[in-house]
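Undergrad: Quick one: structure below, then a few questions.
Derivation of every value follows stated rules applied to the coordinates shown; laboratory data play no part. If you're wondering where the values come from, they're calculated on a predicted model, not measured in any experiment. Positions of Cβ are generated from backbone atoms using ideal geometry, with glycine treated the same way; all protein chains shown enter the neighbour counts.
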Amino acid sequence: MQNSNRTVYKSGCVGRSLDISRFNSYHELRRELGQMFGIEGLLEDPQRSGWQLVFVDRENDVLLLGDDPWEAFVNSVWYIKILSPEDVQQLGKHEVESYGQNSGEKVQRDLSGLPPSMGSFDF
């Protein structure tokens, strides 16, 4: 059986390991992450709270947590990042350079609004 432990990162905290197979839905995962990092209730409604959950898949693409069907997420997640409202605002202020997959030319992307795929970046 494949290892189902994934690391979760939040600014100002040490990364923590989480067994992703313990959960059956995004709701359960959000609730556990809120409890784990002492931010209960803030991850369930990102529009209201400003907190966002993103994950990096095995292709190093950064995606919003919840956009994919649960099983697809479980099979592709490499690690999870909890973004505070300040982190989200900081990302929105910067454009990220990434290379187009086919053409090799530079592409500028604005991260404001956090689209489902935000390219790749390091944590």
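Undergrad: Can you pull out the residues in region 7-26 that are more than 13 Å from residue 85 (Cβ to Cβ) and surrounded by 12 or more Cβ atoms within 10 Å (Cβ to Cβ)?
TA: 7, 8, 9, 13, 15, 16, 18, 20, 21, 23, 26
Undergrad: Assess whether residue 42 counts as being assigned to a strand (DSSP E or B), free of Cβ contacts under 8 Å to residues at least 40 places away in the same chain and of a type in the set (A, V, I, L, M).
TA: Details: assigned to a strand (DSSP E or B): no; free of Cβ contacts under 8 Å to residues at least 40 places away in the same chain: yes; of a type in the set (A, V, I, L, M): yes.
Taking the combined requirement at face value, the residue does not satisfy it.
Undergrad: Please go through region 47-88 and give me each residue that is crowded, with 18+ Cβ neighbours inside 10 Å and of a type in the set (Phe, Trp, Tyr), ordered by number.
TA: 51, 55, 73
Undergrad: Considering only residues that are part of a helix (DSSP H, G or I), within 19 Å of residue 19 (Cα to Cα) and of a type in the set (Ser, Thr, Tyr), which ones fall in region 45-90?
TA: Here is the first cut: in region 45-90, the residues part of a helix (DSSP H, G or I) are 46-49, 70-76, 85-90.
So of that shortlist, the ones also within 19 Å of residue 19 (Cα to Cα) come out as 70-76.
Answer for region 45-90, where residues must be part of a helix (DSSP H, G or I), within 19 Å of residue 19 (Cα to Cα) and of a type in the set (Ser, Thr, Tyr): just 76.
Undergrad: Taking the condition of being surrounded by 15 or more Cβ atoms within 10 Å (Cβ to Cβ) and either in a loop (DSSP other than H, G, I, E, B) or of a type outside the set (Asp, Glu) (or both), how many residues in region 27-39 meet it?
TA: Residues that pass the stated criteria total 8.
Undergrad: Within the set of pairs 6+ apart or on separate chains, which have a first residue in region 2-24 that is touching a residue at least 24 places away in the same chain (Cβ under 8 Å), a second that is acidic (Asp, Glu) and surrounded by 13 or more Cβ atoms within 10 Å (Cβ to Cβ), and C-beta atoms under 6 Å apart?
TA: Partner pairs satisfying both residue conditions: 11/87.
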